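Let me begin by presenting the structure, written as structure tokens, before commenting on it.
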Amino acid sequence: MLKRVLTLVVITTAITLGAVLSPSGAANGETMCGDVNDNGSGDAVDAQLILMYDAGLVETLQSLPGSDVNSDAKVNSIDASLILQAEAGIIPWDSLTCP
């Protein structure tokens, strides 16, 4: 019984921390700025998808609103670079601004 309670506490804590520490929008069901594939986080895969879109290798992105992370009305390599910088901790996630 104690083992089940401890497991429940650990799982609840992990879920809570994940919601608190996740970049903006991911915890409340909104499209997160930088999350191109709508998996709940911005990462190198999202940057790669943007580069493929910019090169014309894919016709559309799952989350166009989450793709233009500098709000310049373009989805291009600059957006991919900013996502990679945020993922690496060089810039804060909240500095990304989607329209």
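The numbers here are math on the coordinates, done by the rules we state, and not lab data. Bear in mind the structure is a predicted one, so any value in this text is a computation, not a measurement. Cβ atoms come from the backbone with ideal geometry, glycine included; neighbour counts cover every protein chain shown.
Ranking of I90, I50 by neighbouring Cβ atoms within 10 Å, starting from the fewest: I90, I50.
Taking θ as phi - 60° and the Karplus parameters 6.51, -1.76 and 1.60, the scalar couplings of the range 58-75 work out to 10, 7, 8, 10, 4, 10, 4, x, x, 8, 8, 7, 10, 6, 9, 6, 9, 10 Hz in sequence order, x denoting glycine and proline.
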